[in-house]
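Report on one structure; see the data block that follows.
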Amino acid sequence: MIPEPAVTSLERTLRRHTWHQYDNVTGCIASLMRSCNRSN
């Protein structure tokens, strides 16, 4: 679906910059999905 390096880079970015904004994994996944939808 998405190339592994892109996922890793996005994951790293989320962890570094926005993880503190989410108090659970669901919030992080929702953000990840929104990011992917914007990219496509």
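The values are calculated or read from the model by the stated rules, or taken from the named source; none is laboratory data. These numbers come from a predicted model, not from an experiment. Cβ coordinates were reconstructed from backbone atoms using ideal geometry, including for glycine residues, and neighbour counts include every protein chain displayed.
So Leu10 ticks every box in (1) of a type outside the set (Gly, Ala, Ser); (2) assigned to a helix (DSSP H, G or I); (3) in contact with a Ser or Thr (Cβ under 9 Å, 6 or more places away or on another chain); (4) at pLDDT below 75 but one. Which box is left unticked?
Result: Leu10 passes all but (4).
Cβ-Cβ under 6 Å, sequence separation 6+ or interchain: first residue in the stretch 1-13 and under 15 Å from Arg38 (Cβ atoms) and of a type outside the set (A, V, I, L, M, F, W, C), partner assigned to a helix (DSSP H, G or I) and modelled with pLDDT of 75 or more. Which pairs?
Hits for this filter: zero, empty list.
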